[in-house]
Amino acid sequence: MRNVVNLDIEQVELAKAVTGLVELPVRVDNDVNTAALGASRVIEQADTGVCVFLNFGTGLASGIVVDGVLYHGYSGAAGEIGHIPVDPNRFPCPCGQYGCLETVCSGASVGRLWPQADPPMPDLISRANAGEPHAVEVLRIVLHAIGDALQIVAHSFDPKLIALGGGMAKTGRPLLLAIAGELHDREAASPFLQGLALTARLQLAPSDIPLGALGAALL
Ligand SMILES: [Zn+2]
């Protein structure tokens, strides 16, 4: 493991350490990748083609599964979209950059932007829908970043399915509707984007199955 910023870990030889304890072959991967692999086995038709699991947890990251196999990239960082520094608010990120996507569109960052409730997202959406100005403003920031995150994975990998997971996705249908609204606004100005029909590719990952553990067992 290298540079796990949310756990303040620079480098740990984890597989070696655990192998010494259990005397079994050990494979290491991150929680989002294993959840992506787990999701690809339980979501209908996700075991073929390109499927992306977008995780709104402590951070923001995606796992990419191609025909049932995890895609890691050259250094294992494929799908780490949370640290793409594009958000105009330019909040500092633990990774050392400013404006990383995960500073505005992860479960933890929404908790910082909307500390009034725990979990924050259901309360934020219902207050924004009721017209509370501050909630409308915060939700606009979050949805803008979620829209960017979706477009980044959609344009990079053209997946047939994007499964939304992590703590924030437990908000369920109200979150899905809010995201669909954001995409609809963008599509209204862009026939190109409309043609990609991203809303139809979105679905919530099952929240009653331990996807990360399931995927870890399949590594
Ligand atoms: Zn970052």
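The values are calculated or read from the model by the stated rules, or taken from the named source; none is laboratory data. Because the structure is a prediction, the values reported are computed rather than measured. Cβ sites come from the backbone with ideal geometry, for glycine too, and all protein chains shown count toward neighbours. For accessibility, only protein heavy atoms count, side chains too; no ligands or nucleic acids. Shrake-Rupley method; radii C 1.70, N 1.55, O 1.52, S 1.80 Å.
Quick notes
- Note on region 105-125: among residues that are crowded, with 22+ Cβ neighbours inside 10 Å and under 17 Å from the mean Cα position of the chain (by Cα), the one that is nearest to G59 (Cα to Cα) is S106.
- Per the conditions (1) exposed (fewer than 15 other Cβ atoms within 10 Å of the Cβ); (2) under 20 Å from G166 (Cα atoms); (3) more than 14 Å from the ligand (Cβ to nearest atom), the sole criterion not satisfied by C51 is (1).
- Meets criteria (among the small types (G, A, S), on the phi < 0 side of the Ramachandran plot and either assigned to a loop (DSSP other than H, G, I, E, B) or more than 16 Å from the ligand (Cβ to nearest atom) (or both)) for A61: no
- D158 vs. criteria more than 16 Å from the ligand (Cβ to nearest atom), at pLDDT below 95 and surrounded by fewer than 19 Cβ atoms within 10 Å (Cβ to Cβ): no
- Residue within region 21-38 that is over 20 Å from the mean Cα position of the chain (by Cα) and in a helix (DSSP H, G or I) present: yes
- If only residues of region 62-75 that are touching a residue at least 24 places away in the same chain (Cβ under 8 Å) and in contact with a strand residue (DSSP E or B) (Cβ under 6 Å, 6 or more places away or on another chain) are counted, the one that is surrounded by the fewest Cβ atoms within 10 Å (Cβ to Cβ) is I64.
- Verdict on G147 being out of contact with any Ser or Thr (no Cβ under 6 Å at 6 or more places or on another chain), touching a residue at least 40 places away in the same chain (Cβ under 8 Å) and either under 23 Å from D87 (Cβ atoms) or exposed (fewer than 14 other Cβ atoms within 10 Å of the Cβ) (or both): no
- Residue in region 7-26 that is over 23 Å from C105 (Cα atoms) and in contact (Cβ under 8 Å) with a residue 60 or more places away in the chain present: no
- Yes/no for A78 being under 15 Å from the mean Cα position of the chain (by Cα) and buried (at least 20 other Cβ atoms within 10 Å of the Cβ): no
- Taking the criterion of being assigned to a helix (DSSP H, G or I) and more than 19 Å from the chain's Cα centre (by Cα), the residues of region 126-153 that qualify are S126, R127, A128, N129, P133, H134, A135, V136, E137.
- Test: C93 is open to solvent by 10 Å² or more (accessible area, probe 1.4 Å), within 16 Å of the ligand (Cβ to nearest atom), touching a Pro at 6+ places or on another chain (Cβ under 8 Å) and over 23 Å from L218 (Cβ atoms): yes
- Within the option set I84, I43, I9, being among the hydrophobic types (A, V, I, L, M, F, W, C), within 17 Å of G147 (Cα to Cα) and either open to solvent by less than 70 Å² (accessible area, probe 1.4 Å) or out of contact with any strand residue (DSSP E or B) (no Cβ under 7 Å at 6 or more places or on another chain) (or both) holds for one residue only, I84.
- Condition met for I81 (among the β-branched types (V, I, T), on the phi < 0 side of the Ramachandran plot and touching a residue at least 40 places away in the same chain (Cβ under 8 Å)): yes
- The set of residues from region 66-90 being within 16 Å of the ligand (Cβ to nearest atom) and not small (G, A, S) comprises E80, I81, H83, I84, P85, V86, D87, P88, N89, R90.
- Test for D118: is it in a helix (DSSP H, G or I) and farther than 20 Å from G147 by Cβ: no
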